[in-house]
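In what follows, a structure is listed as structure tokens, so that the remarks can point back to it.
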Amino acid sequence: MEIAIMGAGMSGLSCAITLEKNGMKPIIFEKRNRVGDRFVNGEATFSILNRPIKDELRYLKDSHHIYLKPTDRVEKLIFHSKNEKGNIEGALGYLNIRGRHDNSYECQLAKQVNSKINFNSTYEYEQLCKEFEYVILAPGDGDYAVKLGNYRCDLTCSIKGVTVEGEFCTNIPHVWFNYDIIPMGYAWLLPFSEKEANLVIAYPEFPNNIKLDINDIWNEFYSMACKDLKQDFKITDGFQIARYMMGICCKPKIENTYFVGNCFGAMSPGLGFGQFTSILTGIYSAYDLCNLGKYEELVKPLFRNYNNSLALRRFLENLNNHNLDFIIKNLDNKLLDKFIDKIINSTSKIDLLEIFTPMMKSWNSFKRNS
Ligand SMILES: Cc1cc2nc3c(=O)[nH]c(=O)nc-3n(C[C@H](O)[C@H](O)[C@H](O)COP(=O)(O)OP(=O)(O)OC[C@H]3O[C@@H](n4cnc5c(N)ncnc54)[C@H](O)[C@@H]3O)c2cc1C
């Protein structure tokens, strides 16, 4: 069976690994000249968002023989709002590196692949379709799905980030919600060593936000972050992305084409996590090709998760700084602490996002109608 994979990233490589484990040899096409040829970026996965799976890395190892080594566990997550600070603690997830770094997740995946990766590929999708029996579309965005009329875009975002040098606890990321500075968006600091971290802002490009100058927002946020963390960070690298698309495909598979990773809609619109879902779509598409499952069935929970995450996005957009202060202040409430602790640290598979979705949807429609 002739299988082409377009894109040697999270989803494409996970697909290749799974195909190979089942005796198939895909041919991988990567438009860049190496795996992970992009800015170095600290990213994270949060187990609480991947229920019913309790520990995503153990699950990938035990169930799919995919091995990923994070930079650290997330043991505490600190939230900052305009006037408050709060945190949650527990086995929250993992921090990892992406991009041009030997330990980036994509480089770790590439080491587990035996099939040839054709770098500097100029192959278009249409050409691959003609030459191969099956095509796995894994280019890291929804552009091809849009062109094929198979994508619903729910929002686009502006993102600006830098790598900073400073002093960091490698197991403690920070998140900021302050709508005076980043309207309807948020910012995060994800350390990837004791000396380096990424500091990033992201906000939706709705009509009112389109007029905003991302550099002004960035400068204001940067000063605030330095003040909050009592450090004078040194910026060593930077990136900026406009119109980063968040949406989902209508059909995960059309004829001989599988839509995987961000081209499927792996990126959750709520908080922008997409790595774990990307890996899952890669694995599931390979399962379908190996007759171990049906792709359309396997991705059903991912569609549900996307829609729950979209409700979270709309919910966040309907809050104001006063609400955010209230929520973040109460994260340190003992009762809530116990509840969160139970969900995170017990063996429970409770899906918080699923539980809160009806409540968020009611709030969203109340806000729409008021
Ligand atoms: C700034 C930022 C921060 C993020 N933070 C997090 C986070 O903390 N946690 C999280 O879970 N997710 C995060 N994400 C999302 C996550 O990175 C993506 O969801 C995930 O990488 C998507 O995997 P993928 O396989 O679809 O694409 P990628 O892993 O991006 O791989 C796509 C590959 O396809 C190649 N390619 C593109 N076009 C072609 C072509 N025409 N032919 C051949 N090859 C092609 C690219 O060069 C690339 O190698 C973040 C995203 C961004 C932008």
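Derivation of every value follows stated rules applied to the coordinates shown; laboratory data play no part. From a predicted model like this one, the values you see are computed outputs, not experimental measurements. Cβ placement follows ideal geometry from the backbone for every residue including glycine, while neighbour counts extend to all protein chains displayed.
Take every DSSP beta bridge whose two residues both sit in the chain, then give the antiparallel share in percent to the nearest 5.
So the antiparallel bridges amount to about 75 percent of the total.
Would you please name the trypsin sites (Lys or Arg not before Pro) within the stretch 46-98 that are DSSP coil residues with at most 16 other C-beta atoms within 10 Å of their C-beta?
Those satisfying the criteria are Lys54.
Say each of Lys367 and Lys338 gets a label point 7 Å from the Cα, pointing the same way as Cα to Cβ; how far apart are those two points in nm?
Here the modelled spin labels are 3.1 nm apart.
Using Cα atoms only, what is the angle between the long axis of helix 275-289 and the major principal axis of the chain, expressed in degrees (0 to 90) to the nearest 10?
The helix 275-289 is inclined about 20 degrees to the chain.
Which order do Thr71, Thr122 fall in if you start with the one that has the fewest other Cβ atoms within 10 Å?
So the residues, fewest neighbours to most, are Thr122, Thr71.
Report the full-extension gain for the segment Lys54 to Asn33: residue separation times 0.36 nm, less the Cα-Cα distance, to one decimal in nm.
Result: 4.0 nm gained on full extension.
If each DSSP helix of 4+ residues adds -39,500 (n - 2.57) and the sum is divided by the residues in the chain, what number results at 222 nm, nearest 500 deg cm²/dmol?
Rounded to the nearest 500, the figure is -10500 deg cm²/dmol.
Along each of the three principal axes of the Cα atoms of the stretch 1-151, give the extent in whole Å, ordering the values from largest to smallest.
If we take the Cα atoms of the stretch 1-151, the spans are 57, 35, 29 Å.
Hey, what's the per residue convex hull volume over the C-alpha atoms of the stretch 3-369, in cubic angstrom?
137
By how many degrees, between 0 and 90 and to the nearest 10, does the Cα long axis of helix 300-317 differ from the longest principal axis of the chain?
30
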